[in-house]
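A quick write-up on the structure given underneath.
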């Protein structure tokens with residue numbers, strides 16, 4: 001049986017997984033909070049050591065990303081797979097037949113078909129299948145060789161998006177934004193400059209796409225462009241990460257903002273980029289169809305600096321993310337007890353009271 005020293009060395013020498021943009025966001029928050037705390041401690045200690053120690057002992061913990069004294073569990077519940085859940089986290093319907101390596105699941109507006117990314121031997125392609133698990137159909141042929149090739153760790157960069165009428169699918173491929181008919185025909189590139197555009201979402205009227213562009217050196221910006229093509233309209237303009245847009249029924253755009261000297265978390269703005277404001281500490285916000293709620297995710301850290309991990313096909317050490325619901329009217333946040341491995345398995349709304357998720361446990 002190892003002694004205390006051996007246990008300490010085993011824990012402290014463990015290497016956490018390589019962080020993506022989501023994990024970097026919370027890593028920045030932890031560093032910033034730690035630096036501020038150390039400055040206060042040093043000042044208080046210089047005045048009175050005893051009071052300094054007392055202040056440290058009573059320092060409040062971060063409620064959104066709690067740190068526990070536990071180390072990550074070696075035994076995790078195997079993935080449950082694709083299912084529709086209600087706002088309490090209870091399973092409403094199991095979705096059979098979804099390939100094990102699939103991710104980025106999106107329900108069609110009529111609730112009959114799922115768009116997703118799945119492996120075809122050459123890359124992760126956009127595909128569709130019936131909600132009953134039948135009729136899997138590969139629609140693209142230039143898919144990402146590996147989900148890790150999505151930009152700056154933004155795993156949701158390759159998520160396909162249904163048009164409001166369900167007749168078209170927008171998607172990113174090798175850094176370009178495309179739109180195709182729902183059967184895979186009539187594919188056309190929308191963005192004029194190749195190589196750095198990701199995660200398209202539709203406006204409520206189906207005429208415009210919002211997406212983000214990697215302008216280099218970690219500078220991600222939100223843009224919009226007409227579905228018929230034309231010149232992109234830049235909504236954000238700074239040196240931080242603005243990514244993952246999502247368009248509400250009443251015209252607000254959610255997005256994730258992260259970087260040094262900025263308040264990390266989920267923000268919202270008007271379609272022209274105005275009235276931007278911070279909403280909450282969390283990532284990958286998605287509007288409910290009626291615009292009254294937002295689903296989002298958080299990540300739990302451990303004292304050794306690592307975070308919760310899940311093991312799924314194609315992602316053996318993905319961050320194990322916790323799902324929450326933000327109520328726009330009351331500002332309250334609920335944790336419905338659902339987790340999924342990797343942000344490319346983020347829950348997506350299918351109605352005002354139900355979500356589709358590639359659930360871990």
Of everything in the stretch 243-266, what is touching a residue at least 40 places away in the same chain (Cβ under 8 Å), in contact with a strand residue (DSSP E or B) (Cβ under 9 Å, 6 or more places away or on another chain), assigned to a loop (DSSP other than H, G, I, E, B) and more than 19 Å from residue 351 (Cα to Cα)? Give them in sequence order. 259, 264
Among residues belonging to the stretch 124-149 that are surrounded by 18 or more Cβ atoms within 10 Å (Cβ to Cβ) and touching a helix residue (DSSP H, G or I) at 6+ places or on another chain (Cβ under 9 Å), point out the one that is modelled with the lowest pLDDT. 147
So which residues in the stretch 150-191 are at pLDDT 85 or above, at negative phi and part of a loop (DSSP other than H, G, I, E, B), if there are any at all? 159, 160, 163, 164, 165, 167, 182, 183, 185, 187, 190, 191
Could you please find all residues in the stretch 192-216 being over 17 Å from residue 247 (Cα atoms) and assigned to a loop (DSSP other than H, G, I, E, B)? 192, 193, 194, 195, 196, 215, 216
Considering the stretch 281-310, residues that are surrounded by fewer than 18 Cβ atoms within 10 Å (Cβ to Cβ) and modelled with pLDDT of 95 or more, and then whichever is nearest to residue 345 (Cα to Cα), we arrive at 289
Within the stretch 197-220, how many residues are surrounded by fewer than 19 Cβ atoms within 10 Å (Cβ to Cβ) and either under 16 Å from residue 159 (Cβ atoms) or in contact with a helix residue (DSSP H, G or I) (Cβ under 7 Å, 6 or more places away or on another chain) (or both)? 1
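Given the condition in a loop (DSSP other than H, G, I, E, B) and at pLDDT below 95, answer yes or no: does some residue in the stretch 101-109 qualify? So that I can check it myself, show each step before the final result.
Let us first name the residues in the stretch 101-109 that are in a loop (DSSP other than H, G, I, E, B), namely 101-102, 108-109.
Within this subset, residues satisfying the condition of being at pLDDT below 95 are 101-102.
Yes: the stretch 101-109 contains one or more residues that are in a loop (DSSP other than H, G, I, E, B) and at pLDDT below 95.
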When (1) in a loop (DSSP other than H, G, I, E, B); (2) in contact with a strand residue (DSSP E or B) (Cβ under 8 Å, 6 or more places away or on another chain); (3) surrounded by fewer than 20 Cβ atoms within 10 Å (Cβ to Cβ) are applied to residue 278, the one that fails is (1)
For the stretch 110-129, what are the residues that are without any contact (Cβ under 8 Å) to a residue 60 or more places away in the chain, in contact with a strand residue (DSSP E or B) (Cβ under 6 Å, 6 or more places away or on another chain) and closer than 19 Å to residue 354 by Cα? 115, 116
Any residue that is exposed (fewer than 15 other Cβ atoms within 10 Å of the Cβ), at pLDDT 95 or above and closer than 25 Å to residue 122 by Cβ - is there at least one of those in the stretch 248-260? no
Checking residue 361 against (1) at pLDDT 95 or above; (2) exposed (fewer than 15 other Cβ atoms within 10 Å of the Cβ); (3) assigned to a loop (DSSP other than H, G, I, E, B): exactly one of these is not met. Which one? (1)
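The values are calculated or read from the model by the stated rules, or taken from the named source; none is laboratory data. Quick caveat: nothing in here was measured; it's all calculated off a predicted structure. Neighbour counts run over all protein chains shown; Cβ positions are idealised from the backbone, glycine included.
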